[in-house]
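Heads up, the thing below is written out as structure tokens.
The values are calculated or read from the model by the stated rules, or taken from the named source; none is laboratory data. The structure presented is a predicted model; accordingly, all values stated were derived computationally and were not measured. No Cβ is skipped: glycine too gets one built from the backbone with ideal geometry, and neighbour counts run over all protein chains shown.
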Amino acid sequence: QVQFVESGGGLVQPGGSLRLSCVRSGRPLSLYSVGWYRQAPGKQREVVATISRGGYAFYPDSMKGRFTISRDNVKNTMYMKMNSLKPEDTAVYYCNQIPATNWGQGTPVTVSS
């Protein structure tokens, strides 16, 4: 059964940075387009960034400029570097393949002073 394990979240002050990591178990990550998602309290899960098998990154307009998605297929791991974090970035962050399959536990990010 495929499993995603996210890590790297935590408490950070506004303007700070974090780097999230996600390891996929099972079949190689290289076989899939993958993405990062987030869900804030009381809100629906939303796409933060996606990256294709070939490394093409896509960001919704609202996410452009501060987040960078990347992947290391050798390590079966994907990453997201988040800069200039804002309180509204507070959420649980998840990774998944596209289309999505089993969801992991996510990694919580809290941006607060």
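The figures follow:
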read-out	value
Criterion violated by Thr101 - all others in (1) part of a loop (DSSP other than H, G, I, E, B); (2) in contact with a Pro (Cβ under 7 Å, 6 or more places away or on another chain) satisfied	(2)
Any hit, the range 51-59, residues being at pLDDT 95 or above and either under 14 Å from Gly9 (Cα atoms) or aliphatic (A, V, I, L, M) (or both)	yes
Spans of strands (runs of 3 or more DSSP E) in the range 10-74 with at least 1 residues surrounded by 12 or more Cβ atoms within 10 Å (Cβ to Cβ) and touching a Phe, Trp or Tyr at 6+ places or on another chain (Cβ under 9 Å)	18-25, 33-39, 46-51, 67-72
Matching residues in the range 79-96 - criterion: being within 25 Å of Gly55 (Cβ to Cβ) and surrounded by fewer than 19 Cβ atoms within 10 Å (Cβ to Cβ)	Tyr79, Lys81, Asn83, Ser84
